[in-house]
Amino acid sequence: MHFKETIDLLESSSYYYSIIIGMDNRYTYVSPNYNKNFDFINQSLVGKPFYITLHPDDIKICAEVGGKCFENPEQLFPATLRKHDGKGGFIFTQWEFKAVFDDQNNPEGIFCIGYNITEHVDTRNELLTAQTEIEIKTDQLEEIGFMQSHIIRKPLANIMGLINLLAVMDAETNLQQIKDLLAESAKELDNVIKSITDKTV
C-alpha cells in the first residue's frame, strides 16, 4: 500500500498515530489524533522539531532506528518511545518506522505508525513488582520454615527430653503438676510448629 493510502486510512483513527519526519528532523505530516495528544500549545506540530514531543533520553533511539530504516529501506523497524502527556509526565508509545523516498529514489524522511501502550507497560510493571514481592515472601517463608523445623525444634526436643527424664523420677505432688503442665505445653508447641511448617512447605 502506498504511503498516501495508508495516511488516508489512518487519518481519522482515534487509536493509531501516523507521522512523517522530514530529513531536516521536523514534522512534515501529523495525523489529527497525534496532534491532539501531543501538541500542548494548540497549534499544528507540522514544521516543528520531532523531539519536542519526546522524552530527551529517547531522541537517541529515534536516531538509531532512523539510520536502520535508510540502511534497509524495505524493512519496518520498531521503537518504544516516551511522549509528553501534557501534565509533566510521559506515556509509553509503540512505533514502526519506515524510510520514505520520492519518485527519483531520494530520501524524504521517515514514516511512522504508533499507538499508546502505557496501560500495557503499567500492567507489566505491576506484574513484575508483584512477582518480586512474591519471590521475597517465598524466601521469607522458606526461611521461617527452616527455623521452625530446625532451630526451634532443637530446644523443644531438649524440653521434651527433660520431661521424659522427669517422668521416671520420683517427684512430689507440686513437681508432678509442673511436669504435667510442662509436658502439655511442649506438646501443644510441637503441634503448632508442625502445623505452621506444613503450611510453608
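Take the residues in segment 10-36 that are touching a strand residue (DSSP E or B) at 6+ places or on another chain (Cβ under 7 Å) and of a type in the set (S, T, N, Q), then tell me which one is nearest to residue 98 (Cα to Cα).
Ranking the candidates gives 18 first.
Do we find a residue being of a type in the set (Gly, Ala, Ser), in a helix (DSSP H, G or I) and either closer than 30 Å to residue 183 by Cα or in contact with a Gly (Cβ under 6 Å, 6 or more places away or on another chain) (or both) anywhere in segment 135-145?
yes
Among the listed residues 110, 136, identify the single one that is over 19 Å from residue 59 (Cβ atoms), of a type outside the set (Lys, Arg) and at pLDDT 75 or above.
Exactly one of 110, 136 is over 19 Å from residue 59 (Cβ atoms), of a type outside the set (Lys, Arg) and at pLDDT 75 or above, namely 136.
Can you work out which of the residues in segment 155-201 that are under 30 Å from residue 138 (Cβ atoms), open to solvent by 50 Å² or more (accessible area, probe 1.4 Å) and among the acidic types (Asp, Glu) is modelled with the lowest pLDDT?
198
The values are calculated or read from the model by the stated rules, or taken from the named source; none is laboratory data. Remember, it's a predicted structure, so these values are computed and weren't measured experimentally. Cβ atoms come from the backbone with ideal geometry, glycine included; neighbour counts cover every protein chain shown. When the accessible area is computed, the model is the full protein with side chains, heavy atoms only, and any ligands, DNA or RNA have been set aside. Shrake-Rupley method; radii C 1.70, N 1.55, O 1.52, S 1.80 Å.
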